[in-house]
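Here's the structure, in structure tokens; my notes come after.
Here, each number is a calculation from the coordinates, and none is a lab measurement. Bear in mind the structure is a predicted one, so any value in this text is a computation, not a measurement. Because the Cβ atoms are built from the backbone with ideal geometry, glycine has one as well, and the counts that use them run over all protein chains shown.
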């Protein structure tokens, strides 16, 4: 048993205060302590991207952070992407409509990565999308439909942002 | 794959960091975590103490002073990537940083962490060598500076004492209009470079090369300055045939054999990538005489 | 070993004179004796469809036939789908719509789809899916295969 610390953080807009072992990774904290199992563990050494979350709006591999490092910060996980329980985010709709997932294991990490990317690059080229997701591995799809879904999502988000005449 | 038990510290000042390093045995410094955390998760390292640098004040900055960029050790790679002053004054760093890992790793990874980790294929390590950077370390006896050429002492081992911490990297800038290029070969975008080449050139009023820096990464345990190539370029007008000829000497650079490539293939890549980097650098070289 | 028989197989318009035991399956003869390895063997018991070829205007599972049963018939395999250097619309559609990943099931799907579209160019979508359901794919999740076949069907109808 190692040292414990009490941390306070916001996850998907909800504030949590918990006591954690200092060696607990952020990914394990999110999954086991908070029960948010949408964030997946694919490799636990920072290469697959399945554990990607947004920390203060910036994508990060949660398996490469300690939970104690998130004290005082804001986290977005895949569970926080949909605007409500019965409405999907346009990015999620684009993935559904374009067969952008097969088994779905890599998908949460790809969605959070794309939330950041499309926010900062609302009108990307295909090449830019491919580079943006290069830190996320997928074993099923061959990536093609993921890229198509991302480009489709960009269009949907732009249409949403532009007020209709 | 979970980290082993350790004591955790999150100091707020550099003095606290030095104090902790002074009294703790078997301690590891945690910067961006993109290299240390995988090692902890796989239990390749078993420190008794982890000193987290992420809440230390005053280690993250980018300043221009005396024809150099001074960069705090905890400056995130992301901040380097989006920094206007880095892009303007040190475009080689900007071009190289786009090859470092991925968005997620650059959001957390730091320049200090990368330099201290000294992965043989690390892009930031290569450009630090290319630019003749100097690093500052702080320890119980104060601070000292280490020329980057002297920084790597062995495979993934920097010339830092156990009780010291890297605080700053100082990168002398090349004059505006200088030619620069960073190229690398890897199987996929974002992978470690199998071989990389960094080129910097400056020309005099008559368009002849007055200064050159050519650095190969990924060949052996650290970046290699191709001094023969640099020498051969001086006084010459930049052109493709010249580059092709002088870069042949890169085939003689000692290289390692591993699962990614044979030594021979690395040497071939060195000659080719050095030539490509020089060609790209020459294209970017501005015709005006250097004004500094 | 049973006695071998001398037979001729006509594949993609060319005759192959071969010697095979009666128990030799058609797919093995096509692949081994005739060297046309585009037709794949996935299960050898008639469920995966990777071995699908067109035999006299019918799509059949060549692992469920003996070579000797194909004598005197016109065999069409994947190697004969393109017209020289010109790809078949189905082949182009599979490329454009990412209708394959590893490619193992693809020859079977292409021959199946080519056959149904040749025989029934105006087949409706529901029935088309029903026909395609006879072949298995482990990689793609089928979405893009269906997309590709639909696209090729539209082109082939002249729509």
Query raised in the report: Using the alpha-carbon atoms, what tilt in degrees (0 to 90, nearest 10) does helix B:263-284 show relative to the longest principal axis of chain B?
Result: 70
Report summary line: Between residue A:160 and residue C:129, Cβ-based FRET efficiency (R0 41 Å, step 0.05) works out to 0.80
Query raised in the report: Going by how many other Cβ atoms sit within 10 Å of their own, how do B:25, B:70, A:116 line up, fewest first?
Result: B:25, B:70, A:116
Report summary line: Counting other chain Cβ atoms within 10 Å of each Cβ in A:97-107 and taking the mean gives 2
Query raised in the report: Taking other Cβ within 10 Å of each residue's Cβ, how do B:215, A:37 sort, fewest first?
Result: A:37, B:215
Report summary line: So, with points 7 Å from each Cα along the Cβ direction, the residue C:119-residue B:42 label distance in nm works out to 5.4
Requested in this report: Enter the mean number of other protein chain beta carbons within 10 Å of the beta carbon of each residue in A:56-67, as an integer.
Outcome: 6
Report task. Based on the mean of other Cβ atoms within 10 Å per residue, sort peptides B:274-282, C:140-148 so the most packed one is first. Result -> B:274-282, C:140-148
Requested in this report: Enter the angle in degrees (range 0 to 90, nearest 10) between the Cα long axis of helix C:143-157 and the first principal axis of the Cα atoms of chain C, meaning the one along which they spread out most.
Outcome: 90
Requested in this report: Please order B:8, B:265 by the number of other Cβ within 10 Å, starting at the fewest.
Outcome: B:265, B:8
Query raised in the report: For A:17-27, what's the mean count of beta carbons from other chains sitting within 10 Å of each residue's beta carbon?
Result: 3
Query raised in the report: Using alpha carbons only, how many degrees (0 to 90, rounded to 10) separate the axis of helix C:106-119 from the longest principal axis of chain C?
Result: 80
Report summary line: Expressed in nanometres to one decimal, the distance between label points 7 Å along Cα→Cβ at residue B:12 and residue B:161 is 2.8
Query raised in the report: So, by mean Cβ neighbours within 10 angstrom, what's the order for C:80-91, C:106-117 with the highest one leading?
Result: C:106-117, C:80-91
